[in-house]
Each structure stands twice: as C-alpha cells, then as structure tokens.
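First the structure, in the form of structure tokens, and then the observations on it.
A short reminder: the numbers here are calculations on the coordinates, not readings from a lab. Keep in mind that this is a model prediction, so the values were computed, not measured. Reconstructed Cβ throughout: ideal geometry from the backbone, glycine too, with neighbour counts over all protein chains shown.
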Amino acid sequence: MISKQRVRAALRREPTDRIPIFMWFHPETRRLLARLFDIPPSYLDVVLGNDVRMTWVNNNFCMEGIVHDSDGQWHVDPWGIKWVKEGPYNQIAHFPLAQATPQELRDYHFPHEFKEELLSKMVPLISLADDYFIGCDVSPNVFEMYWRLRGMDQAMVDMAADPELACEMLGRCGQFAAELAEEACQRFPLDWLWTGDDVASQRSLMMSPSTWRAMVKPFLQLSFDVGKRHGLPIAYHCCGALRPIIPDLIEMGLDVLNPVQCNCNGMEAIALKRDFGSQLTFMGGVDTQEVLPHATADEVRNATRKLIDIMTSDGGGYILAASHTIPPETPTDNIFAMYHEAGITREEAFDRAAQIRVSLAHHRAESVP
C-alpha cells in the first residue's frame, strides 16, 4: 500500500499492510533525529514513514509553524497576537483584545488580507498528493481562537456575562476558519479537512456541555459543513477530557478524533473503541507525558502494541500518533520501540536515510557546473 491507500483504508476501518502513521515532532526533536540519521530535517517524515502530509493555514501556524531558536525571541502574528518562545514552545505574551470594550470587539478586523499568505503554506504539499494523504488544518476554529485574542479568563467571563457579544465573536472566529476551509477545499487536492479547538482540561470540559452546544458547536459546524460539501472526511483535534461532546461531534459529521489522551478522564482507549469505534477512526493515544519520554523501551513497546491491538480490534479504524508532539527529552530507543510496533524497524529507517543521502549527493553532483 502507498500512504494514501493506507490512511483511506483506516478511515473505512479496514485492515492495512501496517498501521498508518502521523507523528508530530517538536522542532528540536526533529533536529535531533535528523542529526542521528544525517539527513536534512525536512526528510524525517520520509525516513520514519509518516503517511499524512499536512500544514496549518489558520492561527496554529503562528503558534507551531514559526520556530525560534532562543528563549525570548518573539513575533506578532496577523491577528495582533504576540508569541514569545518560552522553553520548547511559543507562548502568548499579548492578547490584542484583552482590554477591548464591547464596541472595540465588534470593530476588530480579522486578517482577511493575509488569506493568500496563509493558504500558500499548502502549496509545497501539492506535489506529494499522488502518494501521500494530504490534509489542511484550519484550526483553531472557534473558542480557542477567541481566547487567543481575548485571554482565557476574559473569554470565559464574556461567555457568562455577555453571551450575545461572546456568540458574535465566536461566530466571527468560526466564519473566518470556514472561509479558509472553503478556499483550501477549492484550490488543493485534499484528502481530509482538519479542524480543532481545545475545549477540555485533563479532567473535564472547560465549560458545560450545554454551553459548548449553544456557543461553540454551531460555529464549528461551519467548517465541518465545508468539508462535507467537498466530500472530505472531517478530523477534529481537542486535547483533554472531551468525552461528553463526542456524540455531538459524530452527529456533526466527525470522522477522525485526535489526539486521544488516554490518561484523561473518560478517554480510555478501550472504552472509546467500544463505544464509538463503529463510527470513528481514532488517531493518537501514545502518551507523551509519561510513557514515551520516561518509560523503558520495552514498556513503550508493550504500551504501543496494546494500544494498536485495542484500536484495531474491529480490523482497522486507527492511525498511530502521539498525544502531543514528541518532546526533545524522549530517548531515541523509545521512539524506535514505538515505531517497531507500527511495523517500521530501526534498520529500515536507517536504510531509508542512507538512500536519501545518496540521492542528495547525486543531485548535488549533477548541479555542479
């Protein structure tokens, strides 16, 4: 199977030649592994068998796609949000609407003039569309976008104290994401549309299910509807304990749920597969908080095998991924142990890296006048 066939079979909950993989690496982890394989970091997905190729065209690019080298380096994105590198990740240092009055909120201008620049992030993926499963990430869609503008505390206050205003702003966030989704679906050979909103902690939703249904769900539905009109599967990312709204997401048209944080309340893999496996494909579940960075290689191998067995108990319906980006402190033996259970050995990965080095050397030699 080529990658595109492998992922499509998983979405149909059918067996595959090996488990399809979509692994996210922290930029520093990517650099460390690239040095280990002696290849450019951009080739790591080939070496380690990633079957999905995807990028961000909404605000998540500004959080994850812009990588700074040193703590304290920063940028301001088209929304007016200031991001500063603190430790491994970019963190928000300025919420542009934190002190805004109701009228200033209504006057806020979403960055429509940057749409072309945002959508251009997809262009490098077009050449891969024959072999790989191509996705477009339009997240954050609604709530997470609003709190990035307003600040978490003030966004929650708005939803309780002025729900009409909050709904107006949440709707504008959802509409902007849906407009990006529509443009992407029209322009690019997509295999799925990726959406997302972190609306849960490790213990529970950040708001009541009824509040989510009234104030977030209708505006998330806008992007779901775009993907469905274009005949695409819908993927949705939400960290944490979101089990109370999984039936809603299925009713909305969800096909793929990520990241399946099995250590969160109600998110145990065996229960999710039992209750929703006939309706959903799951992606994720490899614990990046404790197991992957801190367990032994044998423990990682056993945990990964158990997860795969549970999630494919009906023959398919699973894409191997971690519950977050793989952190830089993860031992390489643990990474290889995880991949071994997915059907990719350390030796196979190093063989691919060697082939890439030969190909790049040959290309450089041909380029010399």
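Details
- Candidate aspartates and glutamates - alpha carbon under 15 Å from Lys273, same-chain residues fewer than 8 apart omitted: Glu14, Asp255, Asp309, Asp314
- Only DSSP H runs of four or more residues enter the estimate; each adds -39500 (n - 2.57), and after division by the residues of the chain the mean residue ellipticity at 222 nm equals -13500 deg cm²/dmol.
- Restricting the range 273-369 to GluC sites (Glu not before Pro) in coil, as DSSP defines it, with at most 16 other Cβ within 10 Å: Glu290, Glu329
- Zone of Ile2's modelled label, taken as backbone nitrogen in the range 170-189 under 19 Å from a point 7 Å along Cα→Cβ: 188-189
- Considering only Leu149, Leu320, Leu105, the Gaussian network model of the chain with Cα springs below 10 Å gives its largest mean-square fluctuation to Leu105.
- Beyond 30 Å in Cα-Cα separation lie the following of the pairs Lys85/Lys217; Lys4/Lys121; Lys121/Lys217; Lys85/Lys115: Lys85/Lys217.
- Note on the chain: GNM, Cα springs under 10 Å; of Ile234, Ile21, Ile92, the largest mean-square fluctuation is that of Ile92.
- Structural descriptor for the range 1-135: relative contact order 27 percent, calculated from alpha carbon pairs under 8 angstrom and at least 6 residues apart.
- Shape category assigned to the range 210-264 from the gyration tensor of Cα positions, a/c cut at 1.5: oblate
- Highest average first, the peptides 158-170, 351-363 ordered by how many other beta carbon atoms sit within 10 Å of their residues are 158-170, 351-363.
- Structural descriptor for the chain: relative contact order 20 percent, calculated from alpha carbon pairs under 8 angstrom and at least 6 residues apart.
- Spin-label model distance (nm) - Arg18 vs Asp69, 7 Å beyond Cα toward Cβ: 3.5 nm
- Peptides 321-328, 263-270, 116-123, ordered by how many other C-beta atoms sit within 10 Å of their residues on average, highest first, read 321-328, 263-270, 116-123.
- The translational diffusion coefficient of the range 1-77, from Stokes-Einstein at 4 °C and 1.567 mPa s with a Kirkwood hydrodynamic radius over alpha carbon pairs, comes to 88 µm²/s.
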